[in-house]
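Q: After the structure tokens below, expect a handful of questions from me.
The values are calculated or read from the model by the stated rules, or taken from the named source; none is laboratory data. Worth saying up front: this structure is predicted, and the values here are computed from it rather than measured. Note that we place each Cβ from the backbone using ideal geometry, even for glycine, and neighbour counts take in every protein chain shown. Areas reflect the complete protein model, heavy atoms only, side chains present, ligands, DNA and RNA absent. Shrake-Rupley method; radii C 1.70, N 1.55, O 1.52, S 1.80 Å.
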Amino acid sequence: MGDRCRDDSPHTVNIDITQSLADRAYFSDTQGVSILTLPPALTLSPRPLQRAQSLHEQTYQTLRTAILSGELAAGDRLVETQLAALLQVSRTPIREAIRQLQRENLITTDQHGALRVAMLSVTDAAHLYDCRIALEQVSVAAACRHASPSQLEQIDLAIQQAERTITQEPHQLTHYQLLHMDYQFHRLLAESAGNPWLVLLLDQVFDKMTLLRLRTMQHNPRVLEIGSEHRQIYVAIRDRNATVAVQAIQTHLIASKERVTREIEQIGRDEG
């Protein structure tokens, strides 16, 4: 894992602590925004977690959402006592949630022992893309055999939504929301393959790649391609042409890999 550390200058982010990751995925209009300053202190109006779920589960989902939405950025320092005060819970659920996020490689420890949101390197990006390319080739080949008419319709609708969004100038979607549109397309492909283990493995890869892609989109929003390449993949699956589908997804992801790794290298030069 890349372990480059950011400095300890204050970084202000907005955290919606009232929504689960699933809620954010569908971009609910209900906002519960608090201000988090890291470090040296977290400042916000007190907002206790709801008690419908266990405190550990709610704390875990809150922190995970903040990381995957980019509200806690790669390299941001996390302090248990400050997070506990923010969520108005004891340090125990904070510590448990952090351990779980460490197992998912979304939080790491720097050389000084400080907890930070994971910052992935160019090598990490290349390795993740290699895994994703291999898995998604299996995904689209299986989708050619197993995708139902209703699943094909869902994929087509997701592409149409993305096409409408990217042709609107200016659109109001955040980087996170644009990435979710991309994720939704690729996950629908995996679901239509009829292999739940494939979906699980790809979800794990997608989570890590979200950290990379949010960071690169903040540097250059044009690094994301969710238009014509997606439709080419869909047409091949609709036509049950596995050879063309595999080639299309490979071309799409290799191009994405090159864009993302190039941006990470440029960010490294700019920050260096």
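Q: What number, in percent, do you get for the relative contact order of segment 146-272 if the mean sequence gap of Cα pairs under 8 Å and at least 6 apart is divided by its residue count? Provide the component values of the computation, followed by the final result.
A: Details: 83 pairs, mean separation 36.7, N = 127.
Once normalised by length, the contact order is 29 percent.
Q: Tell me whether segment 92-135 comes out rounded, prolate or oblate; compute the Cα gyration tensor, take square roots of the eigenvalues as a ≥ b ≥ c, and use a/c under 1.5 as the rounded threshold. Numbers along the way, then the final one.
A: Numbers: a/c = 4.90, a/b = 1.80, b/c = 2.73.
Oblate, because a/c is 1.5 or more while a/b does not exceed b/c.
Q: Among Met209, Ile249, His219, whose Cα projects farthest towards the positive end of the dipole of segment 195-260, with charges put on the beta-carbon of Lys, Arg (+1) and Asp, Glu (-1)?
A: Of the listed residues, the answer is His219.
Q: Can you work out the FRET efficiency for the pair Gln161 and Arg103, with r the C-beta to C-beta distance and R0 = 22 Å, to the nearest 0.05?
A: Numbers: r = 34 Å, r/R0 = 1.53.
For Gln161 and Arg103, the calculated efficiency is 0.05.
Q: What part of the accessible area of segment 49-169, given as a whole %, is carbon or sulfur when the probe is 1.4 angstrom? Please report the intermediate quantities before stating the final value.
A: On the way: 2630 of 5360 Å².
Of all accessible area on segment 49-169, carbon and sulfur atoms account for 49 percent.
Q: By the gyration tensor of its Cα atoms, with a ≥ b ≥ c the square roots of the eigenvalues, what is the shape of segment 159-199: rounded for a/c under 1.5, prolate for a/b over b/c, or oblate? Walk me through the numbers on the way to the answer.
A: On the way: a/c = 6.61, a/b = 2.43, b/c = 2.72.
Verdict is oblate for segment 159-199.
Q: Separate question: Compare the peptides 189-195, 148-154 by average per-residue count of other Cβ atoms within 10 angstrom and give them in order, highest first.
A: Values: 189-195: 21.6, 148-154: 12.9.
Per-residue Cβ counts within 10 Å, averaged per peptide and sorted highest first, yield 189-195, 148-154.
Q: Taking Rh as the Kirkwood radius computed over C-alpha pairs, what is the Stokes-Einstein D of segment 102-191 at 37 °C in a medium of viscosity 0.692 mPa s, expressed in µm² per second? Write down the numbers at each step before the final one.
A: Working: Rh = 16.0 Å.
Calculated translational D: 206 µm²/s.
Q: Taking the Cα centre of segment 139-242 as origin and charging only Cβ (+1 Lys, Arg; -1 Asp, Glu), how large is the dipole, in debye to the nearest 20? Intermediate values should be presented prior to the final figure.
A: Values: 10 positive and 11 negative charges, 36 e Å.
About 180 debye.
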